[in-house]
Amino acid sequence: MRAKYKRVLLKISGEALAGTNGFGLDEHTIAHISENIKKIVDMGVQVSIVVGGGNIWRGRSSENMDRTRADHMGMLATAINALALCSALENCNVPTRVQTAIEMRQVAEPYIRGKAERHLEKGRVVIFGCGTGNPFMSTDTAAALRAVETDSQVILLAKKVDAVYDSDPNINPDAKKYDVLSFSDILSKNLGVMDSTAASMCRDNNMPILVFGLSDPENIVRAVKGEKIGTLVNNEGKL
């Protein structure tokens, strides 16, 4: 089956990079994710990635620290994850570049939209670190922003759960799974797929999101092929 999309942005949470450890980096998990990213690159898909940092630091859980400083620490955590994922992709012979919203030229390129697009056109994976570079902005918002800026066709939102539910399926065994939702549904029902700023940006720029589980990294390939997995979120609320 051929790829459904030509250019995608993959959002990977920091927790996903920790595997079953719950904290830090699990090399086996990162390698497995990288192997599946290589598969879609070999299919001719142009791939950019935004990584979270929750496996290293969650500033929101710090009660005694200034929020701006805590968020800056979180940005540095995403840079660590971006470099780790870059190394794993290079081990798979995937040409990769890391661009960060906070300048750290000794270890990564500064984010420049035109340069990122040229990398994508040349078949290089581009990993965006440090979120948007601004405090009070989540990496979900960074994913929405970078997807719009780079003219991606879809955001592939890889999460712990395999889709969007009306309640937590880990707590409620009768939770209802959604195959498709509109952004209005996401915002009005407060479903927690992503923060409201990111959801509003995607809605306003007609950027669809496919939410799926990363417990099986092969889902990255299935998502790109257009197989029926997860939950599709778009403006129409239709498949």
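Values quoted throughout were computed directly from the atomic coordinates according to the rules given, and no laboratory measurement underlies them. Because the structure is predicted, anything quoted here is derived from the model rather than measured. Cβ sites come from the backbone with ideal geometry, for glycine too, and all protein chains shown count toward neighbours.
Take the alpha carbon gyration tensor of segment 100-175, find the square roots of its eigenvalues, order them as a ≥ b ≥ c, and report rounded if a/c is under 1.5; if not, report prolate when a/b exceeds b/c, else oblate.
Note, shape of segment 100-175 comes out prolate.
Rounded to the nearest 5, what % of DSSP beta bridges with both residues in the chain are antiparallel?
15
Which aspartates and glutamates have a Cα lying under 16 Å from the Cα of Lys159, excluding residues fewer than 8 positions away in the same chain?
Qualifying aspartates and glutamates at Cα under 16 Å: Glu15, Asp140, Asp168, Asp179, Asp195, Asp216, Glu218.
How high is the FRET efficiency between Lys176 and Arg105 when r is their beta carbon distance and R₀ equals 45 Å, given to the nearest 0.05?
For Lys176 and Arg105, the calculated efficiency is 0.40.
Counting other C-beta atoms within 10 Å, which of Asp174, Asp42 has the fewest, and how do the rest follow?
So the residues, fewest neighbours to most, are Asp174, Asp42.
Under a Cβ-Cβ cut-off of 14 Å, what is the net charge of the residues other than Gly22 that fall near it, where Lys and Arg count +1 and Asp and Glu count -1?
Net charge in that neighbourhood comes out at 0.
Does the chain come out rounded, prolate or oblate, given a ≥ b ≥ c as the square roots of the eigenvalues of its C-alpha gyration tensor, rounded meaning a/c under 1.5 and, failing that, prolate meaning a/b above b/c?
rounded
Quick one: what are the phi-derived ³J(HN,Hα) couplings along segment 187-202, Karplus 6.51/-1.76/1.60 with θ = phi - 60°, whole Hz, x for glycine and proline?
Working through the residues one at a time gives 6, 6, 8, 6, 7, x, 5, 8, 5, 5, 5, 5, 4, 5, 5, 5 Hz.
Cα-Cα over 23 Å: which of Lys11/Lys177; Lys38/Lys176; Lys4/Lys176; Lys39/Lys228; Lys6/Lys176; Lys11/Lys39?
Too far apart for the 23 Å limit: Lys38/Lys176; Lys4/Lys176; Lys6/Lys176.
Give me the net charge of Met43's neighbourhood, meaning all other residues with Cβ under 14 Å from the Cβ of Met43; Lys, Arg count +1, Asp, Glu -1.
Spelling it out: positives minus negatives among the neighbours equals +4.
If you build a Gaussian network model of the chain, linking Cα atoms that sit under 10 Å apart, which residue out of Gln106, Gln153, Gln46 swings the most?
Judging by the Gaussian network model, the answer is Gln106.
Under a cut-off of 17 Å between alpha-carbon atoms, report the aspartates and glutamates in cross-link reach of Lys122, not counting same-chain residues fewer than 8 places apart.
In chain and number order, the partners are Asp42, Glu90, Glu109, Asp151.
What's the center-to-center distance, using Cα atoms, between segment 72-149 and segment 188-224 in Å?
When both Cα centres are located, 19 Å separates them.
Return the loop-located trypsin sites (Lys or Arg not before Pro) in segment 63-132 (DSSP other than H, G, I, E, B) with at most 11 other Cβ atoms within 10 Å of their own Cβ; answer none if there are none.
Those that pass, being in a loop and sparsely packed, are Arg105, Lys122.
For segment 57-153, which chymotrypsin sites (Phe, Trp or Tyr not before Pro) are in a loop by DSSP, counting at most 12 other Cβ atoms within 10 Å?
Passing both the DSSP loop test and the Cβ count: Phe136.
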